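Each remark here refers to the structure printed beneath this line.
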Amino acid sequence: MMKETGQEYIIPEPYRWDVLAKKDGIELKTYYQQLLMALGQEENELLRQIYTDATSNIREPKNLEKIIRTIDALDWYNAKEEGLGALYEGLLEKNASELKSGAGQYFTPRVLIDVIVELVDPKPGERCHDPAAGTFGFMIAASRHVRAKTDDHFDLSEEEIRFQKYEAFSGVELVRDTHRLAVMNALLHDVHGDILLGDTLSPLGE
């Protein structure tokens, strides 16, 4: 998805999608494990947040290869037309609906989110913060709301657009894997505010 959104430049060349997609068998599995570890230790903060302690439960190289081949064959043009952020949110929602995954604890239904955001009615220039961010759904919806009210930011100045993208929306999430999902969700929706990994109810610095 980072390749398709033009953000793959932050990933070191040896670990980009096209390199991964050319490998197969045991070499692919070994390379993928190395990729997860290497990106989790990158200087880039965004990559560290996404990949730190990332693991794969896929044991069979053939299964990993099949997944990568399937993703590589997707119709990315139409996917981008629909919105990659919407695609990712759809995957999160589907995962949350599976009782076995337990994901419902951090995914609020879209209908409820949209109603609350409509009632709060965030305005350009206002800061919005979610102290229990989950997958960052409330802040994504708030950003979408502001975009809809400002002709997708075209009514705003460059400084106001910068604020909306980088400062307007922030959050805190306690669970590391959920925090990882939140960072990825924000990235795919072009929202770059701070999403901290921590306990909102703990004293500052703990």
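The values are calculated or read from the model by the stated rules, or taken from the named source; none is laboratory data. In this text the structure is predicted, and so the values were computed from the model without any measurement. Cβ placement follows ideal geometry from the backbone for every residue including glycine, while neighbour counts extend to all protein chains displayed.
Can you tell me which residue within the stretch 43-58, out of those that are over 14 Å from residue 178 (Cα atoms) and touching a helix residue (DSSP H, G or I) at 6+ places or on another chain (Cβ under 6 Å), is surrounded by the most Cβ atoms within 10 Å (Cβ to Cβ)?
Only one residue fits best here, namely 47.
In the stretch 34-71, what count of residues is obtained for those that are of a type in the set (Asp, Glu) and either closer than 15 Å to residue 11 by Cβ or not assigned by TED's automatic domain parsing to the domain that holds residue 23 (or both)?
Number of matching residues: 3.
Report the residue count in the stretch 102-159 for those that are touching a His at 6+ places or on another chain (Cβ under 7 Å) and in a loop (DSSP other than H, G, I, E, B).
So the count comes out to 1.
From the list 156, 188, 196, pick out the single residue that is of a type in the set (A, V, I, L, M) and in contact with a Leu (Cβ under 9 Å, 6 or more places away or on another chain).
Exactly one residue qualifies, and that residue is 188.
If you scan the stretch 35-62, which residues turn out to be more than 20 Å from the chain's Cα centre (by Cα) and either at pLDDT 95 or above or among the charged types (D, E, K, R) (or both)?
59, 60, 62
Contact list please: Cβ distance under 6 Å, first residue in the stretch 102-121 and surrounded by 15 or more Cβ atoms within 10 Å (Cβ to Cβ), second residue of a type outside the set (A, V, I, L, M, F, W, C) and modelled with pLDDT of 95 or more, pairs at least six apart or on different chains.
117/145
In the stretch 59-70, which residue that is of a type in the set (Val, Ile, Thr) and without any contact (Cβ under 8 Å) to a residue 24 or more places away in the chain is farthest from residue 36 (Cα to Cα)?
70
Which residues, counting only those in the stretch 128-174, are surrounded by 23 or more Cβ atoms within 10 Å (Cβ to Cβ), at pLDDT 95 or above and of a type in the set (Ser, Thr, Tyr)?
143
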